[in-house]
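Notes to accompany the following structure.
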């Protein structure tokens, strides 16, 4: 509640931007390490429920996180997530050496 009250004063540009988002924005995060967690948390503060899918290679991480976070679908395969979720925005938070193949797949 405090964030929603402070947001107009701290970040008026975010408040203006939110009026263009109709609540049906689908965001996917590929890579759920430190940066993936950080981006996911920030996105859910700004637009609650926007993060719809997370992809990570780690079975332990996806299994554990899927038990804690019920409103997000967790995947281990990028192509399957892209087919099922059809996200509007994809955050790639993997090591930089893996960006190109991931972005190439997501853009087609």
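The values are calculated or read from the model by the stated rules, or taken from the named source; none is laboratory data. Please read all numbers here as calculations on a predicted model, not as lab measurements. All Cβ positions, even for glycine, are placed from backbone atoms using ideal geometry, and neighbour counts span all protein chains on display.
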message: Contact list please: Cβ distance under 9 Å, first residue in the range 61-87 and over 16 Å from residue 33 (Cβ atoms), second residue modelled with pLDDT of 90 or more and part of a helix (DSSP H, G or I), pairs at least six apart or on different chains.
response: 73/81; 73/84; 73/85; 87/81
query: Only one of 74, 63 is more than 16 Å from the chain's Cα centre (by Cα) and within 23 Å of residue 48 (Cα to Cα); which?
result: 63
- prompt: Any idea how many residues of the range 78-100 are over 22 Å from residue 49 (Cβ atoms) and surrounded by fewer than 11 Cβ atoms within 10 Å (Cβ to Cβ)?
  reply: 4
- request: Could you grab me the full set of residues in the range 34-72 that are outside any loop (DSSP other than H, G, I, E, B), in contact with a strand residue (DSSP E or B) (Cβ under 8 Å, 6 or more places away or on another chain) and within 29 Å of residue 11 (Cβ to Cβ)?
  value: 36, 39, 40, 43, 44, 51, 52, 53, 54, 55, 65
task: Would you check which residues across the range 78-87 are out of contact with any strand residue (DSSP E or B) (no Cβ under 7 Å at 6 or more places or on another chain) and assigned to a loop (DSSP other than H, G, I, E, B) and list them?
output: 86
- request: Read through the list (1) more than 17 Å from residue 101 (Cα to Cα); (2) assigned to a loop (DSSP other than H, G, I, E, B); (3) without any contact (Cβ under 8 Å) to a residue 60 or more places away in the chain, then give the number of the only condition that residue 25 fails.
  value: (3)
